[in-house]
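A.B. asks: First, the structure itself, so that you have it in front of you.
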Amino acid sequence: MGRPDPEEGQLPAPVKPPDGGWGWIVLFGCFVITGFSYAFPKAVSVYFKELMKDFHVGYSDTAWISSIMLAMLYGTGPVCSIMVNQFGCRPVMLIGGLLASAGMILASFTTNIIELYLTAGVLTGLGMALNFQPSLIMLGTYFDKRRPLANGLAAAGSPVFLSSLSPLGQVLLEKFGWRGGFLIMGGLLLNCCTCGAVMRPLDMGMKRKMGKAQDKYEAKEMLPIGGKSEEGISTTDGTKKAKKAKKKPKKGKKLLDFSIFSNRGFIIYTISKFILVLGLFVPPILLVNYAKDTGVPDTEAAFLLSIIGFIDIFARPACGMVAGLKWVRPHVAYLFSFSMLFNGLTDICSARASNYTGLVIFCVFFGISYGMVGALQFEVLMAIVGSQKFSSAIGLVLLIEAFAVLIGPPSAGRLVDALKNYEVIFYLAGSEVVLSALFLAVASYCCLNRGKKKDPPSENNPSAGGGSDTEEAESDVQEAEEHSSDNHQPAHSTENAVVAANEEANHVGEEPSGEGGGCPTGDGEVLARDGCNADQTVERDSF
């Protein structure tokens, strides 16, 4: 009659996001995890010159270290989604923190470039992936109305850590060499375990709330109640209902939901992100070595990444606040498209920068546009698929993006080795980012907006709506409280009385409608009652 019991292996009911409280602690943990996940592959580029000398390899060979890290971050998305759906976010993040740290510690003892690929690339990348994706999932469960702002603040972890890890890496390189630097970096990654420990599942708060409701009912049980004849009738009816409920087959829990590929908005978003990732990470990865080749001292070259990070720190929260405005949030996909266009044009216009001043100007504008992209990318995805399918959606999107990560930076490194010219690389990367922006905007307008005009949503079809997660969760919380307050009966007839109480509660709130009992629907809401599909979710078919 109600939601399936998660303890019996069935899908858990969505809980209303608190939009605060412990969510701010979760937000801080996500801030740290995002910082390590995105900034670490770029900060490692500080060590590339020394690795090229020690292992006698080219730049394209060392660039594979960052590419493998990012590929593991993206490519293991489905595996991470399955693990999260099976074991929960907290255990997965604890294991990921240990793997990330172990990878960098082992990398400090390597003797060739292949061993670096396996340790710093594969092992550390896998560890960061097991931290990054669960942290975003937890953030989406704790925030709904303030979600754009929360995503912007969490995404600000990337520039904050980039502006600090790059100078720190340069200092460690000068004092301890690249081996000592890798060892200390491995110790820093143990902080991911601390962040994983604070990721408290949201349903624990729901259980406490239900427990309080049951306590109130126990107090009422001490008072005189109605006649025994009414109790006997309800108990008899409850016995019949209980037998019917037991015959219903249990619904298994999906480890990976592929139904999201039927969402046109999700398909458009995935293609756009694939094209975007081909060129997005190329400029910051090549920037330090480009500056060094133009005669910029090593310390000042590393400081360029700090400039990007410093600008990015303010760009992401600011963009998150703008995206949360009532008149902007429905059109957040177009704001995301504009941010990508801004980033691509910055790469193209700055391709001929040949002195330190020109590179600083490039870093300022790149930091603004890069921050906008970082703040909006996951907010757009959450708006498309909803929080219930986000864990599967992000895993599949990251897997597809992994192929772009393996193509983009290594290809750019080979072109640098062959042409000895960075200008072509910046033109190529900028063109790819511009193309992704145009595709997202045009496809969203042509395929989604025109589709809405041709097929207006029916008022009687709840799946056509775009109700917020808060509205869905509010009905779930109210229903859980009703059930918990009616579920505590005397010990001699507990099971029968539980069903009887639920039957009585549903009979009061519903109109009789045929054999199925009726399924009330609201505008953009899905209510779980007799004859309704309790696991039904509202899927966003548009941005």
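The values are calculated or read from the model by the stated rules, or taken from the named source; none is laboratory data. Not measured: the values here are computed from a predicted model. All Cβ positions, glycine included, derive from the backbone under ideal geometry; neighbour counts span all protein chains shown. Ligands, DNA and RNA are stripped out before the accessible areas are found, and what is left, the full protein with its side chains, is counted by its heavy atoms. Shrake-Rupley method; radii C 1.70, N 1.55, O 1.52, S 1.80 Å.
A.B. asks: Under a point-charge model restricted to the Cβ atoms of Lys and Arg (+1) and Asp and Glu (-1), what is the dipole moment magnitude of region 257-450 relative to its Cα centre, in debye to the nearest 20? Walk me through the numbers on the way to the answer.
C.D. replies: Numbers: 11 positive and 11 negative charges, 123 e Å.
Value, rounded to 20: 600 debye.
A.B. asks: Can you tell me the mean projection area, over all orientations, of the convex hull of region 377-432's alpha carbons? Units nm², please. Walk me through the numbers on the way to the answer.
C.D. replies: Numbers: hull surface 18.0 nm².
For region 377-432, the mean projected area of the Cα convex hull comes to 4.5 nm².
A.B. asks: Next question, about the same structure. Report the Rg/Rh value for region 15-221, based on alpha-carbon coordinates and the Kirkwood definition of Rh.
C.D. replies: On the way: Rg = 19.7 Å, Rh = 18.0 Å.
When Rh is taken as the Kirkwood radius, the ratio is 1.10.
A.B. asks: While we're here: About the Cα centre of region 15-221, how large is the charge dipole given +1 on each Lys and Arg Cβ and -1 on each Asp and Glu Cβ? Please answer in debye to the nearest 20.
C.D. replies: Values: 17 positive and 11 negative charges, 146 e Å.
Here the size comes out at about 700 debye.
A.B. asks: Separate question: Assuming R0 = 30 Å, what is the FRET efficiency of Glu50 and Ile400, from their Cβ-Cβ distance, to the nearest 0.05? Mind dumping the intermediate values first?
C.D. replies: Details: r = 34 Å, r/R0 = 1.13.
Once the sixth-power term is evaluated, E becomes 0.30.
A.B. asks: So, counting K/R as plus one and D/E as minus one, what does the shell of residues with Cβ under 14 Å around Pro283 add up to? Can you show the working numbers first?
C.D. replies: Numbers: positive: Lys42, Arg352; negative: Asp312, Asp347, Glu423, Glu432.
Residues near Pro283 contribute -2 overall.
A.B. asks: Given the Cα-Cα distance of Thr194 and Trp327 and 0.36 nm per residue of separation, how much length would full extension add, in nm?
C.D. replies: Full extension of this stretch gives 44.1 nm more.
A.B. asks: Can you give the accessible area of Asp61, probe radius 1.4 Å, in Å² rounded to 10?
C.D. replies: Accessible area, nearest 10 Å²: 50 Å².
A.B. asks: What percentage of all Cα-Cα pairs in region 257-450 are separated by more than 21 Å?
C.D. replies: Working: 9842 of 18721 pairs.
Distances greater than 21 Å cover 53 percent of the Cα pairs.
A.B. asks: Count the lysine pairs in region 15-221 that are 8 or more places apart or on different chains: how many have C-alpha atoms under 25 angstrom apart?
C.D. replies: Taking region 15-221 as the scope, the lysine pair count is 15.
A.B. asks: Continuing with this model, one more query. If I model a spin label as a point 7 Å beyond the Cα along the Cα-Cβ vector, how far apart are those points for Asp298 and Ser164 in nm?
C.D. replies: The modelled label-to-label distance comes out at 2.4 nm.
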